[in-house]
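The values are calculated or read from the model by the stated rules, or taken from the named source; none is laboratory data. Remember, predicted model here, so these are calculated numbers, not experimental data. All Cβ positions, even for glycine, are placed from backbone atoms using ideal geometry, and neighbour counts span all protein chains on display.
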Amino acid sequence: MPPVEPRPFDVFSPDCPSREAWEHATGRWGALVLGALAHGPLRFRALGRAVGGVSDRMLSQTLGHLERDGLVHREDHGTNPPHVEYSLTFAGREVAGRVLALVEAIHEVMPTVMAARSGK
């Protein structure tokens, strides 16, 4: 068997910079923001409504992390009142597609999950 080529990033390594991007993309709010933006650009308030339960502070913080990681693009239209839209970058679309696949898998197994929770 040929040796496995080392990867430049390893999310399982605590010192790898991919660990922080993983946390931003898969954290409670990050995954939901990416999933919501997969359907198209949204303004801040609309995104907050799409991701039910997130506070403005957490949404702002999450968007900042995802923007710094290159997964989300912030478009400020320079108008008064402010008109800012958030959308996914190419990398963000790649990650969001996988997040949505996980969402679909969760939805599919929910009957089993609910049965397990009720002890049946």
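Annotations for the structure displayed:
- Qualifying residue in the range 78-85 (condition: within 24 Å of VAL103 (Cβ to Cβ) and at pLDDT 95 or above): yes
- Considering residues of the range 84-112 that are outside any helix (DSSP H, G or I) and out of contact with any Gly (no Cβ under 8 Å at 6 or more places or on another chain) only, the residue surrounded by the fewest Cβ atoms within 10 Å (Cβ to Cβ): VAL84
- So ALA38, is it in contact with a strand residue (DSSP E or B) (Cβ under 8 Å, 6 or more places away or on another chain) and of a type in the set (A, V, I, L, M): yes
- Checking ALA46, ALA38, ALA31, ALA25 one by one, the residue that is more than 14 Å from VAL99 (Cβ to Cβ) and at pLDDT 95 or above is ALA46 and no other.
- Yes/no for GLU85 being in contact (Cβ under 8 Å) with a residue 40 or more places away in the chain, of a type in the set (D, E, K, R) and touching a strand residue (DSSP E or B) at 6+ places or on another chain (Cβ under 8 Å): yes
- Residue list for the range 21-44, restricted to those being in contact with an Asp or Glu (Cβ under 9 Å, 6 or more places away or on another chain) and without any contact (Cβ under 8 Å) to a residue 40 or more places away in the chain: GLY30
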